[in-house]
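Pasting a structure below so you can have a look.
Each value in this text was obtained by applying a stated rule to the coordinates, not by laboratory testing. From a predicted model like this one, the values you see are computed outputs, not experimental measurements. In this analysis, Cβ positions are derived from the backbone assuming ideal geometry, glycine residues included, and neighbour counts consider all displayed protein chains.
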Amino acid sequence: MIRAAVERLLPVCRAREVAFILNDRADLAAALDCDGVHVGQDDAPYDEARRLVGADRIVGVTCHDSRHLAMVAAEAGADYVAFGAFFPSETKVARTRADPDILGWWQEFMTVPCVAIGGITVANAATVVAAGADFIAVSSGVWDYPAGPAQAIVDFNGAIARALEAAATR
């Protein structure tokens with residue numbers, strides 16, 4: 001099932017020059033020529049994921065609400081760290097609840113990009129963007145959006161633009 005999904009989605013991403021990051025499975029990310037992998041704390045450790053996908057592909061690491069895990073991942077060479085969950089999520093049960101302040105702290109001290117994950121919707125995206133997220137990871141906020149996924153993207157882009165504009169004027 002994963003292989004079939006990747007075979008259909010990867011060409012779409014490549015045609016749009018968008019990185020295709022496979023979640024959890026470094027072995028499949030390497031075998032299916034994905035642009036990278038995102039690993040959680042219960043998946044392959046960073047070093048193994050990097051070995052499997054190689055030096056030229058992206059490896060991101062979930063760090064929950066832990067500054068320590070994030071620093072360890074960044075020092076090991078992770079291309080990004082992910083904090084969350086920031087909000088209740090329909091996608092999976094969150095083991096931790098991250099405070100948006102961790103994003104600002106990260107931006108102050110580190111250069112590795114950070115991703116906000118967990119329950120992000122059009123209505124709350126501005127919170128994590130304003131707090132310092134370089135990227136947001138969204139699942140049900142797009143796929144379950146009442147006006148449909150295409151409109152979700154339009155509305156997310158608007159929310160992000162407004163949050164960045166507001167932050168720039170402070």
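Which whole-Hz ³J(HN,Hα) couplings does the stretch 33-42 yield from phi under the Karplus relation 6.51 cos²θ - 1.76 cosθ + 1.60, θ = phi - 60°, glycine and proline marked x?
Per residue, the Karplus-derived 3J(HN,Hα) values read 6, 6, 6, x, 9, 10, 10, x, 5, 9 Hz.
Now for a separate question. Which whole-number percent is the relative contact order of the stretch 1-56 (Cα, under 8 Å, 6+ apart)? Walk me through the numbers on the way to the answer.
Numbers: 65 pairs, mean separation 15.5, N = 56.
This gives 28 percent for the stretch 1-56.
Restricting to DSSP H runs of at least four residues, report the calculated mean residue ellipticity at 222 nm for the chain, -39500 (n - 2.57) per run over all residues, nearest 500 deg cm²/dmol. Please report the intermediate quantities before stating the final value.
Values: 8 runs with 78 residues, N = 170.
After summing the helix terms and dividing by the residues of the chain, the value is -13500 deg cm²/dmol.
Taking θ = phi - 60°, what integer Hz values does the Karplus form 6.51 cos²θ - 1.76 cosθ + 1.60 yield along the stretch 10-26, in sequence order, with x for Gly and Pro?
Running phi through 6.51 cos²θ - 1.76 cosθ + 1.60 with θ = phi - 60° gives 4, x, 5, 5, 4, 4, 9, 6, 10, 5, 9, 10, 8, 8, 6, 10, 4 Hz.
Further question on the same structure: Scan (1) 15.1, 47; (2) 15.9, 47; (3) 16.2, 58 for the value of Rg and Dmax of the Cα atoms in Å calculated from this model and give just the label.
This structure yields the entry labelled (2).
What full-extension length gain, to one decimal in nm, is calculated for ALA123 and ALA5 as 0.36 nm per residue of separation minus the Cα-Cα distance? Could the numbers behind the result be given before it?
On the way: separation 118, 0.36 × 118 = 42.48 nm, distance 2.89 nm.
Length gained between ALA123 and ALA5: 39.6 nm.
List every residue whose amide H lies under 5 Å from the amide H of HIS38, counting only residues 5 or more places away in sequence or on a different chain, with H placed 1.01 Å from N in the peptide plane.
Amide H neighbours of HIS38: LEU22, ASN23, ASP24, ARG25, GLY60.
Let me ask another. Measuring from centroid to centroid over Cα atoms, what is the spacing of the stretch 119-135 and the stretch 19-91 in Å?
Between the Cα centres of the stretch 119-135 and the stretch 19-91 lies a distance of 20 Å.
Let me ask something additional. Please rank HIS38, HIS68, fewest neighbouring Cβ atoms within 10 Å first, as an exposure proxy. Numbers along the way, then the final one.
Details: HIS38 25, HIS68 8.
Ascending Cβ contact count within 10 Å gives the list HIS68, HIS38.
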